[in-house]
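Following: one structure in structure tokens, then a few remarks.
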Amino acid sequence: MTGPVSRASVRAFYTDAIQRGRNTAENLQAATSERFNTLLESIAEATPRVALDLGYGAGTYAIALARAGFRVVAVDQIPCDPLLRRLNGAGDWAHRIEPRQCLAEDFTIDQKFGVIVAKDVLHYLARPSVEALLTSAVAHAGGGNYHYLEVFTAITRRSADGQLLRIEGEAGYTPESFRRDIERIYKDWDLTLFWSKHAEQDSRTGLNCFEAIRATVIAANRTA
Ligand SMILES: C[S@@+](CC[C@H](N)C(=O)[O-])C[C@H]1O[C@@H](n2cnc3c(N)ncnc32)[C@H](O)[C@@H]1O
């Protein structure tokens with residue numbers, strides 16, 4: 001295995017891909033998932049109409065939340081201008097989205113978000129940072145708040161020449177370690193976990209460049 005890929009080069013990759021609207025192997029321009037759509041449709045009136053999208057990427061989840069009537073704080077490490085351009089003149093819901101350029105682990109959760117989304121981002125953070133972030137989100141949550149997380153575990157990444165790659169500081173969860181952490185953090189919440197195999201192909205070689213087991217977490221705070 002070669003040395004780790006730096007966090008700076010991950011940020012540069014996403015900055016470039018999102019600026020150019022490139023649809024990478026991971027399908028950054030994909031629509032929201034069916035599971036997320038079902039959750040969004042099921043959310044009761046009593047849930048506060050304010051949401052947080054961590055690692056918003058092209059902004060698809062933040063936009064779905066804003067269209068559903070939520071005010072959305074959208075956080076990503078990349079500059080905000082691609083999302084601001086996408087929102088410009090998009091509709092009367094667009095003003096509800098507030099993009100912020102910030103690392104997810106540096107974002108301070110100091111309010112009750114009715115919905116928090118973190119899709120395909122938390123695996124990039126160090127494990128203690130994921131724990132601190134979610135613990136703080138749970139501590140600030142009220143009744144009827146939801147967390148929707150999609151997190152890659154058991155990741156194998158390969159360069160075009162087949163070398164195994166890892167990313168500096170990434171969580172490196174196994175399905176078991178992730179489940180253990182989530183069950184501890186969300187111990188008083190209704191928790192639903194789904195697991196699915198995931199693979200992405202390198203378009204030049206046709207070989208898998210990324211394989212993982214994706215955990216989808218839907219956590220609902222039923223406490224008053
Ligand atoms: C695979 S994309 C997912 C985008 C979006 N959530 C989606 O599912 O369509 C990962 C995103 O997380 C962002 N990201 C990665 N590490 C981050 C961190 N530590 N803090 C904030 N954003 C981060 C990247 O810049 C990128 O936009």
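Read-outs: derived from the displayed coordinates by stated rules, not from any lab. Remember, it's a predicted structure, so these values are computed and weren't measured experimentally. Cβ sites come from the backbone with ideal geometry, for glycine too, and all protein chains shown count toward neighbours.
Show which lysines lie in cross-link reach of K197 when reach means a straight Cα distance below 29 angstrom and same-chain residues fewer than eight apart are skipped.
Within the straight-line limit of under 29 Å, K197 reaches these lysines: K119, K187.
Using only the Cα atoms of region 62-170, construct the convex hull and provide its projected area averaged over every direction, in square nanometres to one decimal. Let's see the in-between values first.
Values: hull surface 33.8 nm².
So the Cα hull casts an average projection of 8.5 nm².
Check Y56: other-chain or 5+ apart residues with amide H under 5 Å from its amide H, H built from backbone geometry?
Placed amide hydrogens put V75, D76 under 5 Å from Y56.
222 nm [θ] for the chain, helices only, -39500 (n - 2.57) per DSSP H run of 4+, per residue, to 500? Please list the in-between numbers first.
Working: 6 runs with 61 residues, N = 224.
Mean residue ellipticity at 222 nm (helix-derived): -8000 deg cm²/dmol.
On the first, second and third principal axes, largest extent first, how far apart are the outermost C-alpha atoms of region 168-224 in Å?
52, 21, 16
Can you work out the FRET efficiency for the pair S203 and A94, with r the C-beta to C-beta distance and R0 = 30 Å, to the nearest 0.05?
Details: r = 32 Å, r/R0 = 1.07.
With a Förster radius of 30 Å, E is 0.40.
Quick one: work out Rg over Rh on the C-alpha atoms of region 108-180, Rh as Kirkwood radius.
Values: Rg = 14.6 Å, Rh = 13.7 Å.
Here Rg/Rh amounts to 1.06.
Hey, what do the phi angles of region 74-86 turn into as Karplus ³J(HN,Hα) couplings, whole Hz, using 6.51/-1.76/1.60 and θ = phi - 60°, x for Gly and Pro?
10, 10, 8, 6, 8, x, 7, 4, x, 5, 4, 5, 5
Nearest 0.05, what FRET efficiency do R11 and R222 give at R0 = 45 Å with Cβ-Cβ as r? Kindly include the intermediate steps, with their values, before the conclusion.
Numbers: r = 37 Å, r/R0 = 0.83.
Given R0 = 45 Å and the Cβ-Cβ separation, E is 0.75.
Return the whole-Å distance between the Cα centroid of region 144-181 and the Cα centroid of region 1-47.
Region 144-181 and region 1-47 have Cα centres separated by 14 Å.
Provide the three semi-axes, in whole Å and in decreasing order, of the ellipsoid equivalent to region 152-194 as defined by the square roots of 5 times the Cα gyration tensor eigenvalues. Spell out each step's value before the answer.
On the way: eigenvalues 171, 20, 9 Å².
After scaling each eigenvalue by five and taking roots: 29, 10, 7 Å.
Quick one, what does Rg over Rh come out to for the chain if you take C-alpha atoms and the Kirkwood Rh? Show your work: numbers first, answer last.
Details: Rg = 17.2 Å, Rh = 18.1 Å.
Looking at the chain, the ratio lands at 0.95.
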